[in-house]
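Just below is one structure, and these are the notes that go with it.
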Amino acid sequence: MKNILITGAAGFLGSHLCERFLKEDFYVIGMDNFITGSQKNIDSLKKNKNFRFINHDVSKYVEINDDLDYILHFASPASPIDYLKIPIQTLKVGSLGTHNLLGLAKAKKAVILVASTSEVYGDPLVHPQSESYFGNVNPIGPRGVYDEAKRFQEAITMAYHRFHNLDTKIVRIFNTYGPRMRLNDGRVLPAFIGQVLRGEDLTIFGDGSQTRSFCYVDDLIDGIYKLLFYNYNYPVNIGNPNEISIKDFAQEIIKLTNSQQKIIYKPLPENDPLKRKPDIDLAKNILGWVPKVNRNEGLKLTYEYFCSLSKKELNLKEHQNFKSYNKF
Ligand code: NAD
Ligand code: UDP
(Lines give C-alpha, C1' and ligand atoms only; values in the text may rest on other atoms or scores of the structure.)
(Ligands and ions follow the chains in the order given, each with its own letter.)
Protein backbone atom coordinates (compact mmCIF):
# COMPACT_ATOMS: atom_id res chain seq x y z
CA MET A 1 0.00 0.00 0.00
CA LYS A 2 1.38 3.44 -0.99
CA ASN A 3 1.32 6.38 1.45
CA ILE A 4 0.17 9.82 0.39
CA LEU A 5 0.09 13.11 2.35
CA ILE A 6 -2.65 15.52 1.28
CA THR A 7 -2.50 19.08 2.66
CA GLY A 8 -5.69 21.14 2.69
CA ALA A 9 -7.54 17.88 3.39
CA ALA A 10 -10.46 19.59 5.18
CA GLY A 11 -11.08 21.90 2.22
CA PHE A 12 -13.20 21.53 -0.88
CA LEU A 13 -10.65 19.95 -3.25
CA GLY A 14 -8.51 18.31 -0.54
CA SER A 15 -11.45 16.32 0.82
CA HIS A 16 -12.38 15.06 -2.67
CA LEU A 17 -8.75 14.07 -3.26
CA CYS A 18 -8.61 12.16 0.04
CA GLU A 19 -11.76 10.30 -0.95
CA ARG A 20 -10.38 9.41 -4.39
CA PHE A 21 -7.02 8.16 -3.11
CA LEU A 22 -8.73 6.06 -0.41
CA LYS A 23 -10.84 4.50 -3.18
CA GLU A 24 -7.62 3.73 -5.08
CA ASP A 25 -6.27 1.87 -2.01
CA PHE A 26 -3.77 4.42 -0.75
CA TYR A 27 -3.01 5.07 2.91
CA VAL A 28 -3.96 8.75 3.19
CA ILE A 29 -2.60 11.23 5.74
CA GLY A 30 -4.71 14.39 5.65
CA MET A 31 -3.31 17.64 7.04
CA ASP A 32 -5.13 20.93 7.64
CA ASN A 33 -5.38 23.79 10.13
CA PHE A 34 -9.06 24.53 9.33
CA ILE A 35 -8.40 28.17 8.48
CA THR A 36 -10.87 27.94 5.58
CA GLY A 37 -11.70 24.23 5.82
CA SER A 38 -14.35 22.37 7.73
CA GLN A 39 -14.39 19.43 10.13
CA LYS A 40 -17.54 18.22 8.34
CA ASN A 41 -15.57 17.63 5.12
CA ILE A 42 -13.41 14.99 6.82
CA ASP A 43 -16.00 13.37 9.12
CA SER A 44 -16.71 10.45 6.79
CA LEU A 45 -13.01 10.04 5.88
CA LYS A 46 -12.12 9.61 9.56
CA LYS A 47 -14.18 6.41 9.64
CA ASN A 48 -11.81 4.79 7.13
CA LYS A 49 -8.94 2.82 8.73
CA ASN A 50 -6.61 3.90 5.93
CA PHE A 51 -7.05 7.60 6.79
CA ARG A 52 -5.27 9.59 9.46
CA PHE A 53 -5.67 13.29 10.14
CA ILE A 54 -3.11 15.75 11.47
CA ASN A 55 -4.18 19.24 12.55
CA HIS A 56 -1.19 21.38 11.57
CA ASP A 57 -0.29 24.69 9.93
CA VAL A 58 1.97 23.72 7.00
CA SER A 59 3.66 27.13 7.04
CA LYS A 60 5.43 25.74 10.12
CA TYR A 61 7.91 22.85 9.94
CA VAL A 62 6.10 19.65 8.88
CA GLU A 63 7.14 16.43 10.56
CA ILE A 64 5.86 13.03 9.42
CA ASN A 65 7.29 9.80 10.78
CA ASP A 66 5.77 7.47 8.17
CA ASP A 67 7.34 6.79 4.79
CA LEU A 68 5.74 8.87 2.07
CA ASP A 69 5.44 7.96 -1.62
CA TYR A 70 3.42 11.00 -2.71
CA ILE A 71 2.55 14.48 -1.45
CA LEU A 72 -0.30 16.64 -2.75
CA HIS A 73 0.04 20.24 -1.55
CA PHE A 74 -3.45 21.79 -1.67
CA ALA A 75 -3.43 23.88 1.51
CA SER A 76 -4.16 27.52 0.72
CA PRO A 77 -7.10 29.86 0.91
CA ALA A 78 -8.59 29.86 -2.59
CA SER A 79 -11.46 32.31 -2.71
CA PRO A 80 -10.77 36.03 -3.21
CA ILE A 81 -12.80 36.90 -0.08
CA ASP A 82 -10.73 34.45 1.97
CA TYR A 83 -7.33 35.55 0.80
CA LEU A 84 -8.20 39.22 1.12
CA LYS A 85 -9.13 38.59 4.78
CA ILE A 86 -5.99 36.55 5.54
CA PRO A 87 -3.39 37.93 3.12
CA ILE A 88 -0.31 37.10 5.17
CA GLN A 89 -1.28 33.48 5.85
CA THR A 90 -2.00 33.18 2.12
CA LEU A 91 1.48 34.40 1.21
CA LYS A 92 3.03 32.16 3.85
CA VAL A 93 1.27 28.94 2.86
CA GLY A 94 2.19 29.42 -0.83
CA SER A 95 5.83 30.21 -0.01
CA LEU A 96 6.95 28.85 3.39
CA GLY A 97 4.35 26.06 3.29
CA THR A 98 5.46 24.95 -0.18
CA HIS A 99 9.12 25.11 0.89
CA ASN A 100 8.38 22.88 3.90
CA LEU A 101 6.56 20.32 1.75
CA LEU A 102 9.26 20.28 -0.93
CA GLY A 103 11.80 19.67 1.84
CA LEU A 104 9.66 16.84 3.17
CA ALA A 105 9.31 15.35 -0.33
CA LYS A 106 13.09 15.48 -0.75
CA ALA A 107 13.71 13.81 2.64
CA LYS A 108 11.16 11.06 1.91
CA LYS A 109 12.05 10.72 -1.81
CA ALA A 110 8.37 11.30 -2.55
CA VAL A 111 6.74 12.60 -5.72
CA ILE A 112 5.09 15.97 -5.00
CA LEU A 113 2.25 17.67 -6.87
CA VAL A 114 1.44 21.29 -6.00
CA ALA A 115 -1.87 23.07 -6.63
CA SER A 116 -1.28 26.15 -8.72
CA THR A 117 -3.98 28.23 -10.34
CA SER A 118 -5.18 30.07 -13.41
CA GLU A 119 -4.49 33.19 -11.31
CA VAL A 120 -0.82 32.89 -12.33
CA TYR A 121 -2.08 34.29 -15.67
CA GLY A 122 -3.59 37.30 -13.81
CA ASP A 123 -5.87 39.46 -15.97
CA PRO A 124 -4.75 37.71 -19.15
CA LEU A 125 -3.81 39.47 -22.38
CA VAL A 126 -3.82 36.14 -24.23
CA HIS A 127 -7.01 34.12 -24.72
CA PRO A 128 -7.49 31.23 -24.10
CA GLN A 129 -4.59 30.78 -21.67
CA SER A 130 -2.06 28.10 -22.53
CA GLU A 131 0.81 27.01 -20.29
CA SER A 132 3.32 28.98 -22.39
CA TYR A 133 1.71 32.33 -21.45
CA PHE A 134 3.66 34.13 -18.67
CA GLY A 135 0.68 36.08 -17.36
CA ASN A 136 -0.28 39.63 -16.44
CA VAL A 137 -0.30 39.89 -12.65
CA ASN A 138 -0.25 43.05 -10.54
CA PRO A 139 2.11 42.06 -7.70
CA ILE A 140 0.96 44.87 -5.39
CA GLY A 141 -2.78 44.71 -6.05
CA PRO A 142 -5.10 43.07 -3.50
CA ARG A 143 -5.09 39.76 -5.40
CA GLY A 144 -1.28 39.82 -5.54
CA VAL A 145 -1.06 37.97 -2.20
CA TYR A 146 -2.55 34.88 -3.81
CA ASP A 147 -1.29 35.22 -7.37
CA GLU A 148 2.32 35.95 -6.39
CA ALA A 149 2.36 33.25 -3.69
CA LYS A 150 1.31 30.76 -6.37
CA ARG A 151 3.87 32.10 -8.85
CA PHE A 152 6.57 31.75 -6.16
CA GLN A 153 5.25 28.24 -5.48
CA GLU A 154 5.77 27.31 -9.12
CA ALA A 155 9.27 28.86 -9.13
CA ILE A 156 10.48 27.03 -6.00
CA THR A 157 8.90 23.78 -7.19
CA MET A 158 10.82 23.98 -10.49
CA ALA A 159 14.00 24.87 -8.55
CA TYR A 160 13.64 21.73 -6.42
CA HIS A 161 13.06 19.74 -9.58
CA ARG A 162 16.10 21.17 -11.39
CA PHE A 163 18.49 21.48 -8.45
CA HIS A 164 17.53 18.46 -6.33
CA ASN A 165 16.12 16.26 -9.10
CA LEU A 166 12.86 15.98 -7.21
CA ASP A 167 9.94 14.49 -9.15
CA THR A 168 7.53 17.43 -9.05
CA LYS A 169 4.22 18.16 -10.80
CA ILE A 170 2.36 21.46 -11.08
CA VAL A 171 -1.36 21.62 -11.84
CA ARG A 172 -2.83 24.98 -12.87
CA ILE A 173 -6.43 24.69 -11.74
CA PHE A 174 -9.15 26.81 -13.35
CA ASN A 175 -12.42 27.68 -11.53
CA THR A 176 -13.76 24.42 -10.11
CA TYR A 177 -17.10 23.85 -8.41
CA GLY A 178 -19.09 21.08 -6.75
CA PRO A 179 -20.30 19.66 -3.45
CA ARG A 180 -18.41 20.69 -0.28
CA MET A 181 -17.65 24.22 -1.41
CA ARG A 182 -18.39 26.54 1.49
CA LEU A 183 -21.62 28.36 0.88
CA ASN A 184 -20.17 31.53 2.40
CA ASP A 185 -16.73 31.42 0.75
CA GLY A 186 -17.57 34.30 -1.61
CA ARG A 187 -16.86 32.44 -4.86
CA VAL A 188 -19.44 33.16 -7.49
CA LEU A 189 -21.26 29.82 -7.58
CA PRO A 190 -21.84 29.41 -3.81
CA ALA A 191 -22.57 33.16 -3.62
CA PHE A 192 -25.36 32.93 -6.22
CA ILE A 193 -26.82 29.68 -4.89
CA GLY A 194 -26.68 30.99 -1.29
CA GLN A 195 -28.54 34.11 -2.42
CA VAL A 196 -31.18 31.99 -4.17
CA LEU A 197 -31.65 29.82 -1.08
CA ARG A 198 -31.92 32.84 1.24
CA GLY A 199 -34.29 34.63 -1.12
CA GLU A 200 -31.84 37.49 -1.77
CA ASP A 201 -31.00 39.25 -5.05
CA LEU A 202 -28.00 37.90 -6.99
CA THR A 203 -25.00 40.24 -6.83
CA ILE A 204 -23.07 40.67 -10.07
CA PHE A 205 -19.77 42.50 -9.73
CA GLY A 206 -19.16 44.94 -12.61
CA ASP A 207 -21.43 44.65 -15.65
CA GLY A 208 -21.20 40.84 -15.69
CA SER A 209 -19.42 40.71 -19.05
CA GLN A 210 -16.32 39.15 -17.44
CA THR A 211 -16.02 35.45 -18.25
CA ARG A 212 -15.04 32.30 -16.39
CA SER A 213 -14.95 28.60 -17.41
CA PHE A 214 -16.27 26.26 -14.74
CA CYS A 215 -15.03 22.71 -14.21
CA TYR A 216 -16.95 20.10 -12.20
CA VAL A 217 -14.90 18.73 -9.29
CA ASP A 218 -14.93 15.05 -10.40
CA ASP A 219 -13.34 16.01 -13.73
CA LEU A 220 -10.63 18.02 -11.99
CA ILE A 221 -9.83 15.18 -9.56
CA ASP A 222 -9.49 12.79 -12.52
CA GLY A 223 -7.06 15.15 -14.24
CA ILE A 224 -4.96 15.51 -11.09
CA TYR A 225 -4.92 11.74 -10.59
CA LYS A 226 -3.62 11.22 -14.13
CA LEU A 227 -1.03 14.00 -13.85
CA LEU A 228 0.44 12.62 -10.60
CA PHE A 229 1.47 9.40 -12.33
CA TYR A 230 2.56 10.90 -15.63
CA ASN A 231 6.19 11.69 -16.31
CA TYR A 232 5.96 15.46 -16.93
CA ASN A 233 7.34 18.15 -14.62
CA TYR A 234 6.09 21.40 -16.14
CA PRO A 235 2.75 23.08 -15.36
CA VAL A 236 -0.41 21.58 -16.85
CA ASN A 237 -3.77 23.41 -17.10
CA ILE A 238 -6.76 21.45 -15.85
CA GLY A 239 -10.14 23.08 -16.36
CA ASN A 240 -13.23 23.10 -18.51
CA PRO A 241 -12.91 25.36 -21.56
CA ASN A 242 -16.66 26.02 -21.75
CA GLU A 243 -16.59 29.80 -21.18
CA ILE A 244 -19.56 31.86 -19.94
CA SER A 245 -20.08 35.48 -18.88
CA ILE A 246 -20.97 36.01 -15.21
CA LYS A 247 -24.24 37.65 -16.29
CA ASP A 248 -25.28 34.59 -18.30
CA PHE A 249 -24.12 32.39 -15.43
CA ALA A 250 -26.41 34.26 -12.99
CA GLN A 251 -29.30 33.74 -15.41
CA GLU A 252 -28.45 30.05 -15.71
CA ILE A 253 -28.60 29.71 -11.89
CA ILE A 254 -31.94 31.54 -11.74
CA LYS A 255 -33.36 29.21 -14.40
CA LEU A 256 -31.91 26.05 -12.85
CA THR A 257 -33.30 26.87 -9.40
CA ASN A 258 -36.60 28.06 -10.84
CA SER A 259 -36.37 31.19 -8.71
CA GLN A 260 -37.75 34.73 -9.03
CA GLN A 261 -34.70 36.60 -7.76
CA LYS A 262 -33.51 39.83 -9.40
CA ILE A 263 -29.95 40.64 -10.37
CA ILE A 264 -28.26 43.64 -8.74
CA TYR A 265 -24.93 45.17 -9.73
CA LYS A 266 -22.01 45.98 -7.44
CA PRO A 267 -18.56 47.45 -8.27
CA LEU A 268 -16.04 45.14 -9.91
CA PRO A 269 -13.25 44.29 -7.42
CA GLU A 270 -9.78 45.65 -8.29
CA ASN A 271 -7.82 43.53 -10.80
CA ASP A 272 -10.73 41.09 -11.27
CA PRO A 273 -9.72 39.24 -14.47
CA LEU A 274 -11.99 40.11 -17.40
CA LYS A 275 -11.58 36.81 -19.24
CA ARG A 276 -10.59 33.29 -18.33
CA LYS A 277 -10.60 30.10 -20.35
CA PRO A 278 -8.07 27.27 -20.24
CA ASP A 279 -6.32 25.93 -23.30
CA ILE A 280 -6.33 22.22 -22.39
CA ASP A 281 -4.52 20.82 -25.42
CA LEU A 282 -1.53 19.81 -23.30
CA ALA A 283 -3.64 17.80 -20.82
CA LYS A 284 -5.52 16.22 -23.74
CA ASN A 285 -2.32 15.26 -25.53
CA ILE A 286 -0.19 13.96 -22.68
CA LEU A 287 -2.81 12.67 -20.21
CA GLY A 288 -5.64 11.83 -22.60
CA TRP A 289 -7.80 13.92 -20.22
CA VAL A 290 -10.90 15.89 -21.15
CA PRO A 291 -13.70 17.10 -18.86
CA LYS A 292 -16.84 14.98 -19.11
CA VAL A 293 -19.45 16.67 -16.92
CA ASN A 294 -21.35 19.47 -18.63
CA ARG A 295 -22.34 22.58 -16.68
CA ASN A 296 -26.04 21.78 -16.54
CA GLU A 297 -25.37 18.36 -15.02
CA GLY A 298 -22.68 19.65 -12.62
CA LEU A 299 -24.80 22.59 -11.45
CA LYS A 300 -27.74 20.29 -10.69
CA LEU A 301 -25.53 18.03 -8.53
CA THR A 302 -24.07 21.04 -6.74
CA TYR A 303 -27.47 22.66 -6.16
CA GLU A 304 -28.78 19.40 -4.67
CA TYR A 305 -25.82 19.38 -2.29
CA PHE A 306 -26.44 22.95 -1.14
CA CYS A 307 -30.17 22.24 -0.71
CA SER A 308 -29.27 19.43 1.69
CA LEU A 309 -27.46 21.80 4.08
CA SER A 310 -29.14 22.87 7.29
CA LYS A 311 -30.79 26.30 7.71
CA LYS A 312 -28.03 27.28 10.15
CA GLU A 313 -25.34 26.68 7.52
CA LEU A 314 -27.30 28.62 4.92
CA ASN A 315 -27.51 31.72 7.08
CA LEU A 316 -23.90 31.73 8.17
CA LYS A 317 -22.51 34.67 6.20
CA GLU A 318 -19.16 35.15 7.86
CA HIS A 319 -16.61 32.38 8.11
CA GLN A 320 -16.17 31.56 11.79
CA ASN A 321 -12.60 30.30 11.77
CA PHE A 322 -10.90 33.63 11.15
CA LYS A 323 -11.73 34.86 14.65
CA SER A 324 -9.26 32.49 16.23
CA TYR A 325 -6.30 33.50 14.05
CA ASN A 326 -3.68 36.12 14.84
CA LYS A 327 -2.85 38.86 12.40
CA PHE A 328 0.30 37.07 11.32
P1 NAD B 1 -10.47 25.50 0.41
O2 NAD B 1 -10.37 26.81 1.11
O3 NAD B 1 -11.77 24.80 0.43
O4 NAD B 1 -9.38 24.49 0.96
C5 NAD B 1 -8.10 24.87 1.36
C6 NAD B 1 -7.77 24.11 2.63
O7 NAD B 1 -6.42 24.44 3.01
C8 NAD B 1 -8.67 24.48 3.81
O9 NAD B 1 -9.17 23.33 4.41
C10 NAD B 1 -7.75 25.25 4.75
O11 NAD B 1 -8.11 25.15 6.09
C12 NAD B 1 -6.40 24.64 4.42
N13 NAD B 1 -5.25 25.50 4.76
C14 NAD B 1 -5.04 26.79 4.38
N15 NAD B 1 -3.88 27.23 4.87
C16 NAD B 1 -3.34 26.20 5.59
C17 NAD B 1 -2.14 26.05 6.34
N18 NAD B 1 -1.25 27.05 6.48
N19 NAD B 1 -1.89 24.85 6.91
C20 NAD B 1 -2.77 23.81 6.79
N21 NAD B 1 -3.93 23.92 6.10
C22 NAD B 1 -4.21 25.10 5.51
O23 NAD B 1 -9.99 25.75 -1.10
P24 NAD B 1 -10.02 24.76 -2.35
O25 NAD B 1 -10.93 25.32 -3.37
O26 NAD B 1 -10.20 23.37 -1.90
O27 NAD B 1 -8.54 24.94 -2.90
C28 NAD B 1 -7.54 23.98 -2.65
C29 NAD B 1 -6.27 24.30 -3.43
O30 NAD B 1 -6.57 24.36 -4.82
C31 NAD B 1 -5.66 25.65 -3.07
O32 NAD B 1 -4.26 25.52 -3.08
C33 NAD B 1 -6.10 26.55 -4.19
O34 NAD B 1 -5.20 27.60 -4.41
C35 NAD B 1 -6.16 25.59 -5.37
N36 NAD B 1 -7.10 26.05 -6.41
C37 NAD B 1 -8.44 25.88 -6.27
C38 NAD B 1 -9.30 26.34 -7.26
C39 NAD B 1 -10.79 26.14 -7.18
O40 NAD B 1 -11.51 26.54 -8.12
N41 NAD B 1 -11.33 25.51 -6.17
C42 NAD B 1 -8.78 27.00 -8.39
C43 NAD B 1 -7.40 27.18 -8.47
C44 NAD B 1 -6.57 26.68 -7.49
N1 UDP C 1 -18.64 37.54 -8.79
C2 UDP C 1 -19.88 38.17 -8.89
N3 UDP C 1 -20.72 38.13 -7.81
C4 UDP C 1 -20.42 37.48 -6.65
C5 UDP C 1 -19.17 36.81 -6.57
C6 UDP C 1 -18.30 36.85 -7.65
O7 UDP C 1 -20.20 38.78 -9.92
O8 UDP C 1 -21.25 37.49 -5.72
C9 UDP C 1 -17.73 37.59 -9.94
C10 UDP C 1 -16.30 38.00 -9.62
O11 UDP C 1 -16.17 39.42 -9.62
C12 UDP C 1 -15.53 37.34 -10.75
C13 UDP C 1 -16.33 36.07 -11.03
O14 UDP C 1 -17.62 36.27 -10.46
O15 UDP C 1 -15.55 38.15 -11.90
C16 UDP C 1 -15.70 34.81 -10.43
O17 UDP C 1 -15.42 35.08 -9.08
P18 UDP C 1 -14.85 34.01 -8.05
O19 UDP C 1 -14.67 34.71 -6.74
O20 UDP C 1 -15.72 32.82 -8.07
O21 UDP C 1 -13.45 33.53 -8.64
P22 UDP C 1 -12.23 34.21 -9.42
O23 UDP C 1 -12.27 33.54 -10.72
O24 UDP C 1 -12.43 35.70 -9.55
O25 UDP C 1 -11.06 33.87 -8.58
Would you kindly compute the Cα radius of gyration of region 1-131 and its largest Cα-Cα separation (Dmax), both in Å? 15.0, 48
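Mean 1/r over all different Cα pairs, inverted: what Kirkwood radius does region 207-277 give, in Å?
On the way: mean 1/r = 0.0681 Å⁻¹.
That comes to 14.7 Å for region 207-277.
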Mean residue ellipticity at 222 nm from the helices of the chain, using -39,500 (n - 2.57) per DSSP H segment of n ≥ 4 over the full residue count, to the nearest 500 deg cm²/dmol? -10000 deg cm²/dmol
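Run through region 229-304 and list the trypsin sites (Lys or Arg not before Pro) located in a DSSP loop whose Cβ has at most 16 other Cβ atoms within 10 Å.
Answer by residue number: Lys262, Lys292.
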If one computes the Cα centroid of region 252-274 and of region 39-80, what distance in Å separates the two points? 34 Å
Of Asp43, Asp57, Asp32, which has the largest mean-square fluctuation in a 10 Å C-alpha GNM of the chain? Asp43
Which residue, Gly103, Gly223, Gly14, tops the fluctuation ranking in a GNM of the chain built on C-alpha contacts under 10 Å? Gly103
Give the span of the chain's Cα atoms along each principal axis, as three whole-Å numbers ordered largest to smallest. 56, 44, 41
Asp201 accessible area, assembled protein chains, probe 1.4 Å, Å²: 50 Å²
Identify which of Gly239, Gly298, Gly11 has the largest mean-square fluctuation in a Gaussian network model of the chain, with springs joining Cα atoms closer than 10 Å. Gly298
Segment Asn294-Ser310, length gained on full extension (0.36 nm per residue, minus Cα span): 3.0 nm
What's the Kirkwood radius of region 71-155 in Å, using all Cα pairs? 13.4 Å
Calculate, for Asn258 and Ser130, the FRET efficiency according to 1/(1 + (r/R0)^6) with r their C-beta to C-beta distance and R0 35 Å; round to the nearest 0.05. 0.35
Could you tell me the calculated FRET efficiency between Lys266 and Asn233, based on Cβ-Cβ distance and R0 = 51 angstrom, to the nearest 0.05? 0.75
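The values are calculated or read from the model by the stated rules, or taken from the named source; none is laboratory data. In this text the structure is predicted, and so the values were computed from the model without any measurement. Because the Cβ atoms are built from the backbone with ideal geometry, glycine has one as well, and the counts that use them run over all protein chains shown. Each accessible area value is taken on the protein alone, full model and side chains, heavy atoms only, with ligands, DNA and RNA left out. Shrake-Rupley method; radii C 1.70, N 1.55, O 1.52, S 1.80 Å.
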